[in-house]
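Asker: Below you will find the structure I want to go over with you.
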Amino acid sequence: MAETYQEGSGAGADFDLSQFYQIFFEEAGENLDQMEQMLLDLDLSSANDEELNGIFRCAHSIKGGSATFGFSDVAELTHQMESLLDRLRRHELQPVPQMVDVLLESADASRSLLARHQAGGQGEAVSTTSLVRRISELAAGLVPSDAPAVAPPLPAPAPQVAAPAPKAVTPAVAGQARTLEIQIGPLERPQQADAIKELFRDIPGLGAIRDMESTQPNTRLFAVETTSTNDDLLDLFAFHVSKEQVLIRDAAAAAATDDADDDVVVAADGAGGEAYGFFSDAPGAPGTDAPRAAAQAPAQAPKAAAPKAAEPKVAMQAQMESTTIRVDVKKVDQLINLVGELVITQAMLAQNSRGLDAGAYQQLLAGLADLDRNTRDLQESVMSIRMIPMSIVFSRFPRMLRDLANKLGKKVELVTLGEATELDKGLVEKITDPLTHLVRNSCDHGIEMPADRLAKGKSEHGTITLSASHQGGSIVIEVRDDGRGLSREKILSKAQERGIEVSEQMSDAEVWQLIFAPGFSTADEVTDVSGRGVGMDVVKRNIAALNGSVEIDSAEGYGMKVSVRLPLTLAIMDGMSVGVSDEVYILPLSSVVESFQVNADDVSTVAQGSQLVKVRDEYMPVIALEKIFQVPRFDPNKSSNIMVVVEADGSRVALLVDELLGQHQVVVKNLESNYRKVPNVSGATILGDGTVALILDTGGLVRRARH
Amino acid sequence: MQSILAVDDSPSMRKMVSFTLTGAGYHVVEAVDGQDALEKAESHDIDLVLADQNMPRLDGIGLTRKLRENPKFKTIPILILTTESSDQMKQAGRTAGATGWLVKPFDPNRLIEVIQKVIR
Amino acid sequence: MSVMGKTAEAVPTGTREYLTFRLDQEEYGIDILKVQEIRGYEPPTRIANAPNFIKGVVNLRGTIVPIVDMRLKFNCAQADYNSFTVVIILNLRNRVVGIVVDSVSDVMELTPESIRSAPDIESAIDNSCILGLGSVGERMLILLDIEKLMSGVDMGLVTANE
């Protein structure tokens, strides 16, 4: 961006404001987020001043910025929103759902307009005409012509503004609402103008009128809000007063000319309004005594002494101003990579120094022990940079659920718990889609229509609860609803239809797992929301790809709960190393249940060569890693005789290995970035000796055993 | 060099004002709202206060009132940035003791022009 | 270099540098800009069920890199692994991969004049990956589009739907 201004002169310099655009776009985005949140939280029956003021300020701020930086379409729209919100915060209007709806839609439109500007202004901007019209109608106290089918409880006419009974016919509005100052006079009898007020009371949709104090004798002054044109108004008034007696002015312009005498008005801007002004006799105003000047001289000396004391305070306040800084995600990832490398190097040093004589190398060993500790702490700190609270994930749901519930005609409340629970940023992006699907499912298929709920003796409002908590080394996210729950019969019959093997003996848990089959859906009708049945299997796959698991719990008639368990971070995992012949494989410790030695007798072979092992009372399928991974065996004396039971995807399987090598934290490396997806392998890690070990996909292994 | 305390809860506006005034030869101290401004006014040597009206915690008019209550700031010039120049706003400003007002949005040159009428 | 075309690129314009290596009796040249480094061979971690010419993956300063033995892929006479075995680490558009070759010679600068197209050359390597024939004195170099070669499905590094 070329700097084009000249220093010092101040007059006629060119200012390149585009350098502030990015800050403004981010700021406006945050304001829109906040506004949306506050609108959703607004309790219409008892909205308090602080809430309304807050929402107003958001719109006001965006308006100011967009006007300053030249985004007039956004300024215009937010100006309209601001007017409505101003009336609301002054209690001149009662908040109704349509206002929240139109404000939310306007916020969306503003977002879109801003995004377009941010991208360079190409393409067509979304149209705001209908939004502006609806806002003005609402601001004038009317119900807009495209009001939704559900009729809201209509508010009593607000004081001062005599809005006609809004239930009446919606008028054909001529244009947007304008605020006017109408002066009527001179009149022989001021009461003649009362008839004008009656007009507004009797004619629905005409607008609102209120008395103002008139400074001139025999003249009445009114503040009027209307969408009618001046000509229309004059025609109307003609019944009672002649046109010559009526003076209609724009409220803003009227105010401008009135106070000219009081203040030292120094300039008017192009639009005819005022640009700035000073109050006569105010301290520091030009033309008054400048006591400041006199104060300058003695102020000089203390000024010199002041800086030193001011220094520490300045630093502290600079800190207060910014307790967070924005950092490019790439930088953080780079940092994490480097720390990961450090951990590996440190592990190598630790391993190589194991054989050293403790006495001769005491200092070296002590140093390495310190390094070990420091590296662990560093790693924890760095990993926590990427941790962000679940509230970020949850934030999109109130709005989404509201829109969805409205669309389906259902009443749903959203409760969120554990918003402060943190998880890795990488997970956040990947968990959002599956969670969204689960919530939509609950709303669409779970929660019943209000009438049905009442008939069942439930409350009209269904509740969907989103919760997050840490359990062990995982984060558990639950989506719970108090809807109709899953129907065991329906699922069983649907599964049979699709040729899936089922039996009445299956436990509930096993039956619920059936809905994860591809294409499965017991929905009676396919709504375009989530009925196509492509969802649940994709959800499960997505979560499995994150090394997580999904469980379902349901009680017919009462509701359903879906629990998603995820490792806290994608990058680091607690692993158990196992040896097979000369190779090392890593198992996620979270899926390891137990391990034990076996003899040949404990293992029985069944049809098609698959093997089973008896663990207490259970028979479990056996997977010999040597076979699956075709591990070459060079030493005939060694063989696999250790079973490691792992659990994933709702079932268990026993892995046959040679030996258990140990447990440790492993840095998970992606195999697919340079290679490709390998079956039964979820990633790779680098061992202390620098070689690569494959991390096994226990979910994949378990699924393999099922077939 | 004269010091101006620029108060606005909008970061983009604050930066823009700061940039504009610094270019015109003033030293600028930023504050994010009225409360922050009170603290900064105490700890810095300020020659003029330029405050946005609509801010959380303590707005422009409120800030003016509080500043005037303090003998140290009885005569400091205070300009309010407002998006409207209604009677109501002017009345409130006058009563609170403001020196003047400037309507937003404004051209940066005008900002300098107005400031220069008050301090050099 | 453009990649992913069905036919080989036109003969490169401008002078470029090529790293030359040997596979059996043939000498090949690849764009030096695609070469990240040259290393000795260390036994990679085996990946089960992979084609025999994919030896496995190694740790290259923290990144997992697959190692493809070109001698096995192109049915060369011998494929020993000793202290002289050399691996060329390639930095391609979508991946880093190491290839094992018989030997690496030198870096040659070739002007466009010294390169001619070779539509029907008989080579173990698919013609669509051959950019042309470069000649330097007595030597004949088969210039390869290494990017295209390594991205072919038959090289086993990409899945069918990538």
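Asker: Can you spot a residue in segment A:511-534 that is of a type outside the set (Gly, Ala, Ser), surrounded by fewer than 17 Cβ atoms within 10 Å (Cβ to Cβ) and either modelled with pLDDT of 75 or more or part of a strand (DSSP E or B) (or both)?
Answerer: No, segment A:511-534 has no match at all.
Asker: Among the residues in segment C:98-112, are any under 17 Å from C:Val58 (Cβ atoms) and within 14 Å of chain A (Cβ to nearest Cβ)?
Answerer: Checked segment C:98-112: at least one residue is under 17 Å from C:Val58 (Cβ atoms) and within 14 Å of chain A (Cβ to nearest Cβ).
Asker: Looking at A:Met573, is it touching a Pro at 6+ places or on another chain (Cβ under 7 Å) and crowded, with 19+ Cβ neighbours inside 10 Å?
Answerer: yes
Asker: Moving on. Tell me, yes or no, whether segment B:52-62 has at least one residue that is at the interface with chain A (Cβ under 7 Å from one of its Cβ atoms), surrounded by 22 or more Cβ atoms within 10 Å (Cβ to Cβ) and aliphatic (A, V, I, L, M).
Answerer: No, segment B:52-62 contains no residue that is at the interface with chain A (Cβ under 7 Å from one of its Cβ atoms), surrounded by 22 or more Cβ atoms within 10 Å (Cβ to Cβ) and aliphatic (A, V, I, L, M).
Asker: Here's a follow-up. Checking A:Asp403 against (1) closer than 21 Å to A:Gln37 by Cβ; (2) touching a residue at least 24 places away in the same chain (Cβ under 8 Å): exactly one of these is not met. Which one?
Answerer: Condition not satisfied by A:Asp403: (2).
Asker: Let me ask you something else. Kindly provide the set of residues from segment A:618-656 that are among the charged types (D, E, K, R) and outside any strand (DSSP E or B), ordered by number. Give the derivation first.
Answerer: Quick first cut of segment A:618-656, residues among the charged types (D, E, K, R) only: A:618, A:626-627, A:633, A:635, A:638, A:647, A:649, A:652.
Matches in segment A:618-656: A:Glu626, A:Lys627, A:Arg633, A:Asp635, A:Lys638, A:Asp649.
Asker: Would a scan of segment C:120-127 turn up a residue that is surrounded by fewer than 14 Cβ atoms within 10 Å (Cβ to Cβ), away from chain A (no Cβ under 14 Å) and among the hydroxyl-bearing types (Ser, Thr, Tyr)?
Answerer: Taking every residue of segment C:120-127 in turn, none turns out to be surrounded by fewer than 14 Cβ atoms within 10 Å (Cβ to Cβ), away from chain A (no Cβ under 14 Å) and among the hydroxyl-bearing types (Ser, Thr, Tyr).
Asker: Please specify each residue of segment C:42-72 satisfying the condition of being facing chain A (nearest Cβ under 10 Å), assigned to a loop (DSSP other than H, G, I, E, B) and either surrounded by 16 or more Cβ atoms within 10 Å (Cβ to Cβ) or of a type in the set (Lys, Arg) (or both).
Answerer: Passing the criteria: C:Pro44, C:Arg46, C:Ile47, C:Ala48, C:Ala50, C:Arg61.
Asker: So, in segment B:74-101, exactly how many residues are touching a residue at least 40 places away in the same chain (Cβ under 8 Å) and facing chain A (nearest Cβ under 7 Å)?
Answerer: Residues in segment B:74-101 being touching a residue at least 40 places away in the same chain (Cβ under 8 Å) and facing chain A (nearest Cβ under 7 Å): 1 in total.
Asker: Does C:Glu122 fit the bill of being charged (D, E, K, R), farther than 23 Å from C:Gly98 by Cβ and in a strand (DSSP E or B)?
Answerer: no
Asker: Taking the options A:Val666, A:Val653, A:Val645, A:Val622, name whichever one is among the aliphatic types (A, V, I, L, M), buried (at least 17 other Cβ atoms within 10 Å of the Cβ) and modelled with pLDDT under 85.
Answerer: Residue meeting the stated conditions: A:Val666.
Asker: Pick from segment B:1-32 the residues that are hydrophobic (A, V, I, L, M, F, W, C) and within 7 Å of chain A (Cβ to nearest Cβ): which of them is nearest to B:Ile112 (Cα to Cα)?
Answerer: Top of the filtered list is B:Ala24.
Asker: Can you tell me which residue within segment C:20-42, out of those that are among the aliphatic types (A, V, I, L, M) and over 12 Å from the mean Cα position of the chain (by Cα), is nearest to C:Lys55 (Cα to Cα)?
Answerer: Only one residue fits best here, namely C:Ile38.
Asker: What number of residues in segment A:429-486 are surrounded by fewer than 17 Cβ atoms within 10 Å (Cβ to Cβ) and farther than 20 Å from A:Glu419 by Cβ?
Answerer: Adding up the residues that qualify gives 12.
Asker: Taking segment A:661-681 as the region of interest, how many residues are farther than 11 Å from A:Tyr585 by Cβ and touching a residue at least 60 places away in the same chain (Cβ under 8 Å)?
Answerer: 7
Asker: Looking at A:Ser549, A:Ser590, A:Ser577 in this structure, which one is within 30 Å of A:Leu423 (Cβ to Cβ) and modelled with pLDDT of 90 or more?
Answerer: None of the other options fit; the residue is A:Ser577.
Asker: Considering only residues of segment C:46-81 that are free of Cβ contacts under 8 Å to residues at least 24 places away in the same chain and among the basic types (Lys, Arg), which is farthest from A:Glu341 (Cα to Cα)?
Answerer: C:Arg46
Asker: Let me ask you something else. Quick one: which residue in A:Ser83, A:Ser112, A:Ser106, A:Ser72 is small (Gly, Ala, Ser) and under 17 Å from A:Asn53 (Cα atoms)?
Answerer: Values: A:Ser112 fails: under 17 Å from A:Asn53 (Cα atoms); A:Ser106 fails: under 17 Å from A:Asn53 (Cα atoms); A:Ser72 fails: under 17 Å from A:Asn53 (Cα atoms).
It is A:Ser83.
Asker: When segment A:57-106 is examined, which residues are found to be in a helix (DSSP H, G or I) and small (Gly, Ala, Ser)? Walk me through how you get there before you give the answer.
Answerer: Of segment A:57-106, the ones in a helix (DSSP H, G or I) are A:57-68, A:72-89, A:97-106.
Selection gives A:Ala59, A:Ser61, A:Gly64, A:Gly65, A:Ser66, A:Ala67, A:Ser72, A:Ala75, A:Ser83, A:Ser106.
Here is a yes/no grid of residues against (1) farther than 20 Å from C:Asn94 by Cα; (2) under 17 Å from the mean Cα position of the chain (by Cα); (3) not hydroxyl-bearing (Ser, Thr, Tyr):
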{"residue": "C:Arg46", "(1), (2), (3)": "yes, no, yes"}
{"residue": "C:Asn49", "(1), (2), (3)": "yes, no, yes"}
{"residue": "C:Leu60", "(1), (2), (3)": "no, no, yes"}
{"residue": "C:Pro66", "(1), (2), (3)": "no, yes, yes"}
{"residue": "C:Met70", "(1), (2), (3)": "no, yes, yes"}
{"residue": "C:Phe74", "(1), (2), (3)": "yes, yes, yes"}
{"residue": "C:Ala79", "(1), (2), (3)": "yes, yes, yes"}
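Asker: Filter segment A:459-498 down to the residues that are in a helix (DSSP H, G or I) and not polar (S, T, N, Q) and list them by number.
Answerer: If the condition is that a residue be in a helix (DSSP H, G or I) and not polar (S, T, N, Q), then A:Arg488, A:Glu489, A:Lys490, A:Ile491, A:Leu492, A:Lys494, A:Ala495, A:Glu497 are the ones that fit.
The values are calculated or read from the model by the stated rules, or taken from the named source; none is laboratory data. It should be emphasised that the depicted structure is a prediction, and the values quoted were computed from it without experimental measurement. Ideal geometry is used to build each Cβ from the backbone, glycine not excepted, and the neighbour counts take in all protein chains shown.
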